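The values are calculated or read from the model by the stated rules, or taken from the named source; none is laboratory data. Predicted model, so just to flag it, every value in this text is computed and none were measured. Methodologically, a virtual Cβ is constructed for each residue, glycine included, from the backbone with ideal geometry; neighbour enumeration extends over all protein chains shown. Ligands, DNA and RNA are excluded from the accessible area calculation, which covers all protein heavy atoms including side chains. Shrake-Rupley method; radii C 1.70, N 1.55, O 1.52, S 1.80 Å.
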Amino acid sequence: MGIIKTIPICYLKRLTLTCPLVAFKISPLEQGVIMQEEENQEDPCGESMEENEPSKGVWDCFCIPIHWFNMLSREMHWSFVLGVVIVYGISQGLGGALAEVGTKYYMKDVQKVQPSEAQVYKGITSIPWIVKPLWGLLTDVLPVFGYRRRPYFIFAGFLGVIAMLLLSLHESLHLVLALLSLTAGSAGVAIADVTIDACVAQNSISHPSLAADMQSLCAFSSSVGQLVGFFISGIFVHLIGPMGVFGLMTIPAGLVVLVGFLLDEPRMHDTSYRQVKQNFVDASKAMWTTLRSEDVWGPCLYMYLSLALSLDIREGMFYWYTDSKGGPSFSQESVGFIFSISSVGALLGAILYQYALKDYAFRDLLFWTQLIYGLSGMLDLVLVLRWSLKFGIPDYFFVVIVESIAQMTNRLKWMPMLVLSSKLCPSGIEGTFFALLMSIDNVGLLSASWGGGFVLHILRITRTRFDNVWLAILIRNILRITPLCMLFLVPRGDPNSSILPSKSVDSKVAIDTSDAKNVELVSLVHSVDDGK
């Protein structure tokens, strides 16, 4: 009784709110005393509590992402979250942004190719992403020295390091060798992507309610990495040139190697390489059984058409951006800043999907995102025809708006299909089948790139002629809307439930994958201690 009288009521209430797990044994008489004091006694800290309420609300806003990361780390192990951040955020996000801007200026200023040719070459360097099922199949059924993930991370990282060093150190590299090096660097990123995608697909099956959160984590990491990468890309291109940027690209590739060394993956014993052929056969049968389902091939067909019909003419737009006569004549720093600010649109799209749209049906969400994606492309037409200047809007400001809207709508259109794809992967060959679905998307992107290059060539858009750029934009925007006629191929399923076909896939892959359930990254000290 005496103890309670010495504690002000406000502090007792605050202690109870902040430490709900602490139990106080208070008699009925003491409760009456507290209630009486609460009525008669002025709260000595009431004013300070009211003053702290606004700051608490701001702090809560900052704590939401932290709590979200903690939740994902707790549910699926912190190593999974760290692996996604490294591969998606640093390798693909930051490194991909540096490589994109560096390659644009490398083709334009060093190799001096036409816009249509640059568009075709861009498609060639993306071929390793089309054969992602091969990388996925290798990681699923072909362990190296008893490991299914670590060797492929290491190989992918070293491949990227060697390719980028060749591009950065050779001043007069032939176009064919340059394309081979760019393709090899792209292959390194693709192999690392497949390996981490296997973990994403596996966790999507074991935690179906968190499938959308995992895709949001991937998108968030990639968007933040792109934001930083594009911000510094123009500065580095101006300071050290595109070849110097390729030299910087060895850092993300080296981090992928580091992931391979730090990955604490259980070693598989008694692995018979004589069973590899049978493993490939069984995995292929499992993929074919799943792919025959209408719930699977229908969305795959829609994904391909949605991407292939959205013609990629960005290389032509880049040449126009930097042209000193017909275009705005943006500097290298300006191009990097534009891409950096516009990548905020992709980040906003990921956040909007996570907190507002992830529970909507696939078909309904894809209808509106595809429609908005097509209509927003008309802003490019306003820019090229210079109507924005007539309204007093500067080119720089208007381009940032156009690129940001395009990135946001493209992200909103893309993420539901990623969630759907992750839910269609049969157990045991998650990496292979998810890679197969993503390779279909990459075939669509390749078709869009080569189709865009064909349109640029037919309309005679060159390094110095941009008279028909507006027509290329108009054709692209019309084709963007046509996939709406194929939306019946997409199921109306609930994104929070499992939608794998009811006919279970009889996957009898000989390699035991049960040991790979808890793939985790350990500290370097732990790795060294194990090696002693």
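The table that follows gives values for the structure above.
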| read-out | value |
| --- | --- |
| Nitroxide proxy distance, nm - points 7 Å out along Cα→Cβ at MET378 and PHE397 | 2.2 |
| Rounded percent of accessible protein surface that carbon and sulfur make up, segment 283-373, 1.4 Å probe | 63 |
| Formal net charge of residues neighbouring ILE372 (Cβ-Cβ distance under 14 Å; K, R +1; D, E -1) | +2 |
| Dipole moment magnitude, nearest 20 debye, segment 298-402 about Cα centre, only Lys, Arg, Asp, Glu C-beta charged | 160 |
| LEU471 paired with LEU239, simple spin-label distance in nm, labels 7 Å along Cα-to-beta-carbon | 4.4 |
| Convex hull projection area averaged over all views, segment 174-321, Cα basis, nm² | 13.9 |
| Theoretical gain in end-to-end length, ILE481 to LEU348 [0.36 nm per residue, Cα-Cα removed] | 45.6 nm |
| Mean accessible surface per residue for segment 161-302, computed with a 1.4 Å probe while every protein chain stays in place, in Å² | 43 |
| Fully extended contour minus Cα-Cα distance, from ILE162 to LYS277, at 0.36 nm per residue | 38.3 nm |
| Label-reachable residues, segment 337-360, where backbone N falls under 19 Å from a point 7 Å from ILE64's Cα toward its Cβ | 344-360 |
| When each of LYS325/LYS413; LYS104/LYS413; LYS108/LYS325; LYS112/LYS325; LYS122/LYS390 is checked by Cα-Cα distance, pairs over 28 Å | LYS325/LYS413; LYS122/LYS390 |
| Net lengthening on full extension, SER329/ALA356 (0.36 nm per residue, minus Cα-Cα) | 5.9 nm |
| Residue-count net charge about VAL384 - beta-carbon cut-off 11 Å; Lys, Arg +1, Asp, Glu -1 | -2 |
| Neighbour net charge for LEU479 - beta-carbon separation under 14 angstrom, K R +1, D E -1 | 0 |
| Charge dipole magnitude, Cβ of K and R +1, D and E -1 - segment 71-129, Cα centre, debye nearest 20 | 80 |
